[in-house]
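Inspection log for the structure reproduced underneath, given as structure tokens.
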Amino acid sequence: MKVYRLNAGRSRTAAAAWSPTEMAAEAPTGRPKHLYTVTELTREIKGLLEEAFTVVWIEGEVSEPKYHSNGHLFFTLKDAQASLKAVMWRDALAGVKFKVEHGQQVVCCGRISVFAPQGAYQLYVETIEPKGLGALQLAFEQLCAKLEQEGLFEAARKRPLPTFPQSVGIITSPTGAAIEDMLRIARGHLRILLYPTRVQGAGAAARIARGIEILSARQDLDCLIVGRGGGSLEDLWAFNEEIVARAIAASRLPVISAVGHEKDTSISDLVADVRAPTPTKAAELLVAQRDQVRQRLRELLSAPAFAEPEAWLTELRERVEEAQGAIATETEAALLTLADRARLAHAQLWQQSPQALVERHVQRLGHLRGQLTGATVRAIERAMDQYVGLVGRLQALSPLAVLSRGYSITFDAQGRIVRRAAAVAPGDTLRTQVHEGAILSRVERTLPHATQERADG
């Protein structure tokens with residue numbers, strides 16, 4: 001493609017435009033003074049744009065961002081009337097904390113140039129910030145949402161701290177105030193293994209994650225503390241990195257996160273098994289239960305059982321004997337009550353036949369019948385007939401009915417039924433229940449079953 005250069009004397013500003021008449025008037029009538037190739041014209045336009053827009057700040061909405069496998073980011077910036085292609089190279093993108101997503105309102109800083117193969121101008125972005133919300137805060141919220149969806153914040157996956165830890169691994173700076181505070185509290189109670197690392201700045205997150213991985217693999221540690229003292233959001237940012245969060249989640253040992261002050265909340269706090277408001281509190285958590293047990297032992301040793309063991313044992317023995325006496329008294333009274341009820345029931349069984357009980361209830365029903373009429377009386381009569389029938393069947397099965405036919409039942413002195421002659425001995429007292437009354441007798445001798453049959457014969 002060739003492009004003719006028009007009369008340079010007839011320049012126009014960027015806002016002006018050439019009309020068709022002017023174009024015709026300026027069109028060459030002979031051989032052109034200079035004939036451009038596409039490459040030459042594109043190169044000249046590129047130079048003009050880069051010279052005019054060396055640094056440009058631009059606001060817009062992100063559309064269709066694409067992270068390339070080589071680490072570059074391609075997207076479009078747009079507003080209501082126009083759109084602009086944009087690219088951010090891998091090196092510049094490495095410093096961006098948040099993820100660029102479709103629909104975000106952002107402010108970009110970069111330069112304008114031309115992408116020659118497509119003949120299109122575009123923005124080469126050096127920095128990008130979310131509009132209205134800080135980049136770090138946006139990155140924090142994005143990672144929180146991601147890890148929460150994966151279940152890394154769930155209480156069910158968090159492990160309790162050991163009750164009596166013997167040794168603890170600490171991942172922190174060896175020169176900060178945090179390690180001094182933890183050593184002051186834990187000294188004399190715990191064995192401390194320090195993994196020294198940077199806790200802020202470039203590369204700090206990767207080193208912290210590596211420390212967690214190394215100490216977690218040790219068999220001589222009971223738990224880990226990860227943290228540092230207070231600072232700004234930027235200072236604490238290493239503990240908001242995904243690499244640290246995943247290292248904590250993968251730790252074999254329970255992890256205490258102790259980052260900053262009580263008002264500071266990091267992503268490592270949310271993932272860790274226990275969150276301590278400060279590094280000092282983290283150390284206190286590990287020695288607190290040990291101190292509580294020691295205090296309880298001191299209280300027990302000062303109790304009467306240890307101070308005056310003989311007096312305490314004597315008092316305990318008296319209380320046991322008193323309790324035994326009360327139990328025996330209550331048991332005896334309960335047994336006597338049961339015995340009285342059994343004797344009463346036994347007397348009623350032999351003194352009052354089922355027939356007598358039926359007659360008494362029939363009399364009561366007859367009295368009620370005089371007060372009722374109609375369908376109610378007929379219903380009662382049917383019920384009475386059924387009742388009398390059931391009582392008749394009960395009467396046929398009653399021991400009294402059997403006794404009325406000449407049979408008897410013999411009881412020993414303890415009230416047990418005698419079923420075999422061998423169950424009694426000469427001199428035993430027996431009571432024989434007959435249909436009307438009872439007979440008391442004393443055993444002179446017993447006859448085996450076979451002898452009895454010969455005697456009867």
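The values are calculated or read from the model by the stated rules, or taken from the named source; none is laboratory data. From a predicted model like this one, the values you see are computed outputs, not experimental measurements. Please note: Cβ atoms are built from the backbone with ideal geometry, for glycine as well, and neighbour counts cover all protein chains shown.
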Count - residues of the stretch 252-266 that are over 21 Å from residue 192 (Cα atoms) and either surrounded by fewer than 24 Cβ atoms within 10 Å (Cβ to Cβ) or in contact with a Pro (Cβ under 8 Å, 6 or more places away or on another chain) (or both)
5
Restricted to the stretch 109-123, and to residues that are touching a residue at least 60 places away in the same chain (Cβ under 8 Å) and under 12 Å from residue 53 (Cα atoms), which residue is surrounded by the most Cβ atoms within 10 Å (Cβ to Cβ)?
123
Give 93, 147, 138, 77 a once-over and let me know the one that is over 37 Å from the mean Cα position of the chain (by Cα) and either small (Gly, Ala, Ser) or under 26 Å from residue 232 (Cβ atoms) (or both).
93
Could you list all residues from the stretch 183-196 that are more than 20 Å from residue 214 (Cα to Cα), touching a Leu at 6+ places or on another chain (Cβ under 8 Å) and either of a type in the set (Lys, Arg) or not in a helix (DSSP H, G or I) (or both)?
189
Restricting to the stretch 260-284, what's the tally of residues that are of a type in the set (A, V, I, L, M) and either farther than 20 Å from residue 186 by Cβ or at pLDDT below 90 (or both)?
3
Run residue 66 past the list (1) more than 28 Å from residue 266 (Cα to Cα); (2) among the basic types (Lys, Arg); (3) surrounded by 13 or more Cβ atoms within 10 Å (Cβ to Cβ) and report the number of the one that doesn't hold.
(3)
Among the listed residues 84, 138, which satisfies the condition of being of a type in the set (A, V, I, L, M, F, W, C), farther than 30 Å from residue 221 by Cβ and free of Cβ contacts under 8 Å to residues at least 40 places away in the same chain?
84
Can you tell me how many residues in the stretch 140-182 are in a helix (DSSP H, G or I) and farther than 13 Å from residue 268 by Cα?
15
Go through the stretch 255-276 residue by residue and tally those that are free of Cβ contacts under 8 Å to residues at least 12 places away in the same chain and either part of a strand (DSSP E or B) or polar (S, T, N, Q) (or both).
1
Could you say whether any residue in the stretch 245-254 is charged (D, E, K, R), modelled with pLDDT of 95 or more and assigned to a loop (DSSP other than H, G, I, E, B)?
yes
Residues that are in a loop (DSSP other than H, G, I, E, B), modelled with pLDDT of 95 or more and buried (at least 16 other Cβ atoms within 10 Å of the Cβ): does the stretch 230-241 have at least one?
no
Residue 160: of a type outside the set (Lys, Arg), more than 30 Å from residue 95 (Cβ to Cβ) and surrounded by fewer than 16 Cβ atoms within 10 Å (Cβ to Cβ), yes or no?
yes
